Amino acid sequence: MELAIEVNELAKTYPGDVQAVKEISFGVEAGEVFGLLGPNGAGKSTTVGMLTTTILPSSGSAQLVGYDVVRQARETRSVSSVVFQEPVVDRSLSGRRNLDVHARLWRVEPAEAKARIDELANTLGLTALLDRPLSTYSGGQQRRLEIARALVSRPRVLFLDEPTVGLDPRIRAELLDVIAGLRDRTSTTILLTTHYLDEAERLCDRLAIIHEGTIVALDSPAALRAELGEKIVELRVCDNAQRTLELLRERGLAGEDAFAVGATITLPLHERGAPETIAAIEGAGVRTTAIATREPTLDDVYLRLTGGQLSAAA
Amino acid sequence: MTAATPELVTPLPAIARDPFRPLATLAHRRFQLSARTPRELVVPLLTPILFALVIAPALKQALHTSTAYEAFVATGTIGLLIPLNTMFAGISVLVDRESGAQRELLAAPIPRALLVLANLIVAFAVTALQIAVLLAVARARGIHFDVTTTGLVWFIVAGSMFTVGMYGAAETLAARVPRTEEYIGRVPAIAIVPWFLAGSLFPINALPGFLTWVARLLPLTHTLALVRYGLLNDPSSLDNIWGMHNTTTMAALSLIVVAAFAVLLTTAGIRVFSRTAVR
């Protein structure tokens, strides 16, 4: 399978010896939706910046559709588009003009650009707004326009850098539908960065969990969840959670993939049964305020790998 | 929003090397943005017109100088109009960076120097228009110019090069300061202070000795000397700088200074912008 994005030991160190990205490697197949999941400051945007040629890598290499992001920066930009984390638009110009500028800079022929703009406006529900200044658009309309703009040039690779940050829940849900539509109906390769688990789970074929500049896990959402088995027991304890976890390990009730965050201990069950495990925990004299079983989530995967709460960190 | 998303992937043409189409696109965009912000066009014009039409006649009356003094100050105000206008144009770079589409433009498959050159084209056009307005208003107010074809060429070339250089200064400053407030705080030092020293309101040899030498180093002094030579057929400002007998030689030397200023500052503006655009 052809790789649309190929990243090899890519690293970025900012002045002051701040290592934002530490020699990460991954490949994204053509047509795949790939997620970079991690809290703010994890290195997601720096990675996207390097892939979109606005940040110069300190070491390593990366190619987009075979173009080297450093040596062939313009070629790299010609096959990609970006939807930025915050609005990046000319607010006093009309939506159509914003799209038209993109089309011209990416050298889409005028007749094709016009047809393409009308087509995308129709697809993204922007037709009635297109000739109004962007300053009159709502947040969600503006986001949809930015997605339309990114698609005008038919990019091989589309970067969505936390596209739903700061949007209210209704607009966010609406936008997720739009992105899911892209995923389902196109073969553009999409690299999505997010710190929202539901986004990653819903949209991504595979995702990399990035923590402090390092990729700590890379697989499909289902495979990542499967590492924790089908069920987990979650208990809130009265005593020190870390010491309690060690006690449970000594008793053979917790494996190496069990983890404690705050007063909460999470125990992947794997082959063990839930009722027996809960009974054994209570039998071991562990004092709890709550105990429950549930299916593992990506949040659990993230907690196990990083020891930090993803949503809270974000 | 529920209709099928069109198929996205088609073969892309090889990257084109012709820079003129994207330059025209960027300049058109900048012009549209400026046209939607009338203050960008009007504000820089107010102070020079005030000088040319109100302050110069008042000075003439108070100091009992000749009619030529009005012409001297009217041409001198060009030296205020160009820096003010180009520095105000530089604010649009900060606006673009802070709340505009600069990041989108940086992601475009074009040389990033085109962003600077497109802004320069619009700043140049707006400045030229403002100078034309200033001169027309001055003429309507009865100020006499003595323009020959050769003089017009000296004036246009000198004014153009100084405008280009000042816009380079604006781009350089805009790329280096983090916020608009800091940029605006530095504008007076760059756009206004030199104007007082460059022979705008009085000949530079009226300054204390060391300041006369400072004035001779300012590109604005050379520009104004060439503007007066071109528009008033008055080589005295050139003579105050060079003290030579041959006027054409003095004009050529001043033009070299202004040209060097334009090349240096434009190069600096492009380099600083391109470097700060990529972290």
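The values are calculated or read from the model by the stated rules, or taken from the named source; none is laboratory data. Just so you know, these numbers come straight off a predicted model, no measurement behind them. Every residue, glycine as well, gets a Cβ built from its backbone with ideal geometry; the counts of neighbours run over all protein chains shown. For accessibility, only protein heavy atoms count, side chains too; no ligands or nucleic acids. Shrake-Rupley method; radii C 1.70, N 1.55, O 1.52, S 1.80 Å.
A few remarks follow.
- Inside segment A:29-58, residues that are buried (at least 22 other Cβ atoms within 10 Å of the Cβ) and in a strand (DSSP E or B) make up a count of 5.
- Note on segment B:258-279: among residues that are β-branched (Val, Ile, Thr) and surrounded by fewer than 22 Cβ atoms within 10 Å (Cβ to Cβ), the one that is nearest to B:LEU220 (Cα to Cα) is B:VAL263.
- Here A:GLU174 meets the list (1) without any contact (Cβ under 8 Å) to a residue 60 or more places away in the chain; (2) more than 8 Å from chain B (Cβ to nearest Cβ); (3) open to solvent by 10 Å² or more (accessible area, probe 1.4 Å) almost entirely, failing just condition (2).
- From A:LEU192, A:LEU218, A:LEU247, residue being closer than 30 Å to A:SER80 by Cβ, open to solvent by less than 70 Å² (accessible area, probe 1.4 Å) and out of contact with any Gly (no Cβ under 8 Å at 6 or more places or on another chain): A:LEU218
- Pairs, first more than 26 Å from A:THR76 (Cβ to Cβ) and modelled with pLDDT of 95 or more in segment A:90-112, second of a type outside the set (Val, Ile, Thr) and crowded, with 24+ Cβ neighbours inside 10 Å, C-beta under 6 Å, six or more apart: A:GLY95/A:LEU145
For every residue, the table says whether it meets (1) among the basic types (Lys, Arg); (2) under 26 Å from B:ALA123 (Cα atoms); (3) open to solvent by 60 Å² or more (accessible area, probe 1.4 Å); (4) modelled with pLDDT under 85.
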{"residue": "B:PRO38", "(1), (2), (3), (4)": "no, yes, yes, yes"}
{"residue": "B:ALA56", "(1), (2), (3), (4)": "no, no, no, yes"}
{"residue": "B:LEU59", "(1), (2), (3), (4)": "no, no, no, yes"}
{"residue": "B:SER66", "(1), (2), (3), (4)": "no, no, yes, yes"}
{"residue": "B:TYR69", "(1), (2), (3), (4)": "no, no, no, yes"}
{"residue": "B:ILE78", "(1), (2), (3), (4)": "no, yes, no, no"}
{"residue": "B:LEU81", "(1), (2), (3), (4)": "no, yes, no, no"}
{"residue": "B:LEU84", "(1), (2), (3), (4)": "no, yes, no, no"}
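Residue by residue, here is whether (1) basic (Lys, Arg); (2) modelled with pLDDT of 90 or more holds:
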residue	(1), (2)
A:GLY125	no, no
A:GLU146	no, yes
A:PRO155	no, yes
A:VAL165	no, no
A:GLU174	no, no
A:ALA180	no, no
A:ARG185	yes, no
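- Residue check for A:GLU146: out of contact with any helix residue (DSSP H, G or I) (no Cβ under 7 Å at 6 or more places or on another chain), at the interface with another protein chain (Cβ under 10 Å from one of its Cβ atoms) and within 17 Å of A:PRO87 (Cβ to Cβ): yes
- Test: residue in segment B:95-110 that is over 18 Å from A:SER153 (Cα atoms), open to solvent by less than 20 Å² (accessible area, probe 1.4 Å), hydroxyl-bearing (Ser, Thr, Tyr) and at pLDDT below 95: no
- Complete set of residues in segment A:103-119 that are touching a helix residue (DSSP H, G or I) at 6+ places or on another chain (Cβ under 8 Å) and within 7 Å of another protein chain (Cβ to nearest Cβ): A:ARG104, A:LEU105, A:TRP106, A:ARG107
- Filtered residue count, segment B:77-110, keeping only those that are more than 14 Å from chain A (Cβ to nearest Cβ) and under 17 Å from the mean Cα position of the chain (by Cα): 15
- Considering the conditions (1) in contact (Cβ under 8 Å) with a residue 60 or more places away in the chain; (2) touching an Asp or Glu at 6+ places or on another chain (Cβ under 8 Å); (3) within 9 Å of chain B (Cβ to nearest Cβ); (4) over 30 Å from A:ASP131 (Cα atoms), A:ALA42 is excluded by exactly one of them, (3).
- Qualifying position, being out of contact with any helix residue (DSSP H, G or I) (no Cβ under 7 Å at 6 or more places or on another chain), part of a loop (DSSP other than H, G, I, E, B) and of a type outside the set (Asp, Glu), among A:ARG71, A:ARG77, A:ARG91: A:ARG71
- Where helices (runs of 4 or more DSSP H) sit wholly within segment A:141-258, those with at least 3 residues that are under 19 Å from the mean Cα position of the chain (by Cα), over 20 Å from A:LEU37 (Cβ atoms) and not basic (Lys, Arg) occupy A:169-185.
- Condition check for B:TRP242: open to solvent by 40 Å² or more (accessible area, probe 1.4 Å), at pLDDT 90 or above and either of a type outside the set (S, T, N, Q) or under 15 Å from the mean Cα position of the chain (by Cα) (or both): yes
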